[in-house]
Amino acid sequence: MSEGVEWALHSCLNLAWIGPGRAVTAARLAAYHELPPAYLNKQLQALARAGIVTSVSGPKGGFRLARGLDRITLMDVVAAIEGPDEAFRCTEIRQHGPGAGGTYAAECAIAGAMGRADLAWRRELVAQTLEDVRERAELQAPTAPDRLRRWFANV
């Protein structure tokens, strides 16, 4: 999984803490975590295409959440950034080399095991919303939302 997923998740949480009425530029969101603005902008554009954030144009433009954190799953963000494909792609290497032409089951045992693991991972990501993450984050760092809002207010 790319670091873009982490950046996108943090950006969504930051946008929630900033508040629903305020759009924030990719450059400003990037500056908060010292990330490259152009690369974070690509992640935010992917989130916008997926309907997770909206892009607002104009002098007070930027990005804001398109829906509440309770309606955004971790899988929504992962799929927006990484795409919907399974993480493991079987290329049937068992059909190449000295073993080629042997008798094999229709499904490769490795592909089957990896597919089951991918499904379990996806189910777990779908079961967790960004609201769940926000609650845990605020338990771990109760002052984080206020610190973030103060930092973004100084623009």
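The values are calculated or read from the model by the stated rules, or taken from the named source; none is laboratory data. Here the structure is a predicted model, which means the values were calculated and not measured. Here the Cβ is made from the backbone with ideal geometry for all residues, glycine too, and neighbour counts use every protein chain on show. SASA here: full protein model, heavy atoms, side chains in, ligands and nucleic acids out. Shrake-Rupley method; radii C 1.70, N 1.55, O 1.52, S 1.80 Å.
From the phi angles alone, apply the Karplus equation (6.51, -1.76, 1.60; θ = phi - 60°) to the stretch 70-77 and give each ³J(HN,Hα) in whole Hz, x where the residue is Gly or Pro.
So the J values, rounded to whole Hz, are 6, 10, 10, 8, 4, 5, 4, 5.
Share of the stretch 1-83's accessible area from carbon and sulfur, percent, 1.4 Å?
Carbon and sulfur: 52 percent of the exposed surface of the stretch 1-83.
Kirkwood hydrodynamic radius for the chain: how many Å is it when counted over pairs of different Cα atoms?
Hydrodynamic radius (Kirkwood, Cα only) of the chain equals 17.5 Å.
Return one number: the angle in degrees, 0 to 90 and rounded to the nearest 10, between the long axis of the Cα atoms of helix 144-153 and the longest principal axis of the Cα atoms of the chain.
60
Hand me the trypsin sites (Lys or Arg not before Pro) from the stretch 9-80 located in a DSSP loop with no more than 10 other Cβ atoms within 10 Å, in residue order please. Could you put the intermediate results ahead of the total?
Details: sites: R22, R28, K42, R49, K60, R64, R67, R71; in loops: R22, K60, R67.
Here the sparse-neighbourhood loop sites are K60.
Starting from the 7 Å offset along Cα-to-Cβ, what nm value, one decimal, do you get for the label separation of R149 and R67?
The two pseudo-label positions are separated by 2.5 nm.
Roughly what would the spin-label model give for E135 and E34, points 7 Å off Cα along C-beta, in nm?
Those two pseudo-labels are separated by 3.4 nm.
Counting only protein heavy atoms and using a 1.4 Å probe, what share of the accessible area of the stretch 107-155 belongs to carbon plus sulfur, as a whole percent?
Details: 1920 of 3310 Å².
Heavy-atom surface of the stretch 107-155 belonging to carbon and sulfur, 1.4 Å probe: 58 percent.
May I ask you to give the solvent-accessible area per residue for the chain, in square angstrom, as obtained with a 1.4 angstrom probe?
Counting only protein heavy atoms, the per-residue value for the chain is 60 Å².
Does anyone have the angle between helix 37-49 and the longest principal axis of the chain? Alpha-carbon axes, 0 to 90°, nearest 10?
Around 80 degrees separate the two axes.
Give me the distance between the Cα centres of the stretch 103-155 and the stretch 1-79, rounded to whole Å.
Each part's Cα centre sits 15 Å from the other's.
Just to confirm the number: angle between the C-alpha axis of helix 109-127 and the first principal axis of the chain, 0 to 90 degrees, nearest 10?
Computed tilt is about 20 degrees.
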